[in-house]
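Input: a single structure, listed below in structure tokens.
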Amino acid sequence: MPKLFRSGLTFAMALIALPGSAREVDESYTVDQRFAQYRDIYPGIAWPAVTWREGQSVLFDRPYKTLAARTLHLDIFGPATANGQGIVLVHGGAWRSGAKTHFYALANLLAQRGYTVFLPEFRLSVEAPYPAGMEDVADALAWAKSHAGEFGISADRIALGGASSGGQMAALLAYAGPGGLYGETRKTRPNALIDLDGVLDMADPEALRFENAAGPDSPFARWLGGSFEAMPQRWREASAASHVGPQSPPTLIVGSGIARFTVGKDRVIAALDRNHVAHREFAFTGAPHDFWLFDPWLSRTAGEIDIFLRRLAPAESPK
């Protein structure tokens, strides 16, 4: 394992040949493309250098779900000493692009703090529409729970998080999971939610303003299968804010400070307060939307997650 690697892996737009079929992969959202876009806008932005520490481990491409055409995999970042807490992280990319590799830098920092981190791939809109990707993420969480003992963690201490569209998906599963919308309730309930700049209410007028401006190219409309005007009930169903209740998990919302990416936050926080659910909010100032990808924001993101989850950890028994 090399001592140093960079998280800017990219691939060309391609058709990947599978036994008996082919699937389209949209690689329009890449880390290096975003870095090139941001470097003249955000002074001090830097590639994160992921330094390896003795005792850490990474398991690549472990299968968690078999479909008719292919198998879905996840990567697992293991700490030198597990603290008992797992985290499933859902990558972003406007529901149509992105890759689990985008979370390698953050997963590494979290593993160095004792967390076991699971990074799943899932079906994107170019392969299968909603709710396929949601069902995949639910199955990835269920897989992590069923294999928790193998990694020295508790099935009851696995958080679910995501960034951008992945944050929207994570929040939706965390809040709708207790209602069984995307799978068996017991297997799809995380002990905490971590939303990194993911929109929480896609039916909010402010969210709709941006989606409608994109017209037929609206990534959310393409994922759901139609515009809000054509299927308002489905848009509300796919909005995390519609599902907040007494069974919702403690929630951390980390934002870039760009308001459009946390639309619905106030509605969610008000509902969490009504139901006496713990929550924490942190917003950067002057950060790019993809703050979790780059220094100097990456380390603070890992720190905010660590602070939040440590507060939820059960107290140690007296010696």
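The values are calculated or read from the model by the stated rules, or taken from the named source; none is laboratory data. In this text the structure is predicted, and so the values were computed from the model without any measurement. Methodologically, a virtual Cβ is constructed for each residue, glycine included, from the backbone with ideal geometry; neighbour enumeration extends over all protein chains shown. Areas reflect the complete protein model, heavy atoms only, side chains present, ligands, DNA and RNA absent. Shrake-Rupley method; radii C 1.70, N 1.55, O 1.52, S 1.80 Å.
Points worth noting:
- Test: G264 is farther than 21 Å from I87 by Cβ and either in contact with a helix residue (DSSP H, G or I) (Cβ under 9 Å, 6 or more places away or on another chain) or open to solvent by 10 Å² or more (accessible area, probe 1.4 Å) (or both): yes
Yes/no matrix, rows are residues, columns are (1) within 19 Å of L89 (Cβ to Cβ); (2) within 18 Å of the chain's Cα centre (by Cα); (3) part of a helix (DSSP H, G or I):
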residue	(1), (2), (3)
R260	no, yes, yes
L272	no, no, yes
T301	yes, yes, yes
F308	yes, yes, yes
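- Residues in the stretch 249-258 that are in contact (Cβ under 8 Å) with a residue 60 or more places away in the chain and over 17 Å from the mean Cα position of the chain (by Cα): I258 alone.
- Against the conditions (1) over 24 Å from E304 (Cβ atoms); (2) touching a strand residue (DSSP E or B) at 6+ places or on another chain (Cβ under 8 Å), G245 satisfies every one except (2).
- In the stretch 172-184, the residues that are closer than 18 Å to L224 by Cβ and among the hydrophobic types (A, V, I, L, M, F, W, C) reach residues that are open to solvent by less than 10 Å² (accessible area, probe 1.4 Å) and outside any loop (DSSP other than H, G, I, E, B) with C-beta atoms within less than 7 angstrom, at least six apart or across chains, in these pairs: L172/M134; L172/A240; L173/M134; L173/V137; L173/A138; L173/L160; L173/T188.
- Residue count, the stretch 267-310 (criterion: of a type in the set (D, E, K, R) and either over 16 Å from L252 (Cα atoms) or free of Cβ contacts under 8 Å to residues at least 12 places away in the same chain (or both)): 5
- The requirement of being under 30 Å from S154 (Cα atoms) and not polar (S, T, N, Q) is satisfied by R280.
- If you go through the stretch 215-238 and keep only what is open to solvent by 40 Å² or more (accessible area, probe 1.4 Å) and either assigned to a helix (DSSP H, G or I) or under 21 Å from S97 (Cβ atoms) (or both), you end up with P216, D217, R222, G225, S227, P232, Q233, R234, R236, E237.
- The residues of the stretch 93-131 that are among the aliphatic types (A, V, I, L, M) and open to solvent by 10 Å² or more (accessible area, probe 1.4 Å), listed by number, are A94, A99, L109, L124, V126, A128.
- For the stretch 52-92, the set of residues classified as open to solvent by less than 40 Å² (accessible area, probe 1.4 Å) and over 18 Å from D139 (Cβ atoms) consists of W52, Q56, V58, F77, G78, P79, G84, Q85, G92, listed by residue number.
- Selection status of A155, in contact (Cβ under 8 Å) with a residue 12 or more places away in the chain and either open to solvent by less than 10 Å² (accessible area, probe 1.4 Å) or over 17 Å from the mean Cα position of the chain (by Cα) (or both): no
- Scope the stretch 274-299; condition assigned to a helix (DSSP H, G or I), within 13 Å of G257 (Cβ to Cβ) and open to solvent by less than 10 Å² (accessible area, probe 1.4 Å); matching residues: F291
- Residue, surrounded by the most Cβ atoms within 10 Å (Cβ to Cβ), within the stretch 164-206, restricted to residues that are charged (D, E, K, R) and in a helix (DSSP H, G or I): K187
- Elements of type strands (runs of 3 or more DSSP E) contained in the stretch 1-70, each with 2 or more residues being modelled with pLDDT of 90 or more, more than 17 Å from H289 (Cα to Cα) and within 20 Å of the chain's Cα centre (by Cα): 57-66
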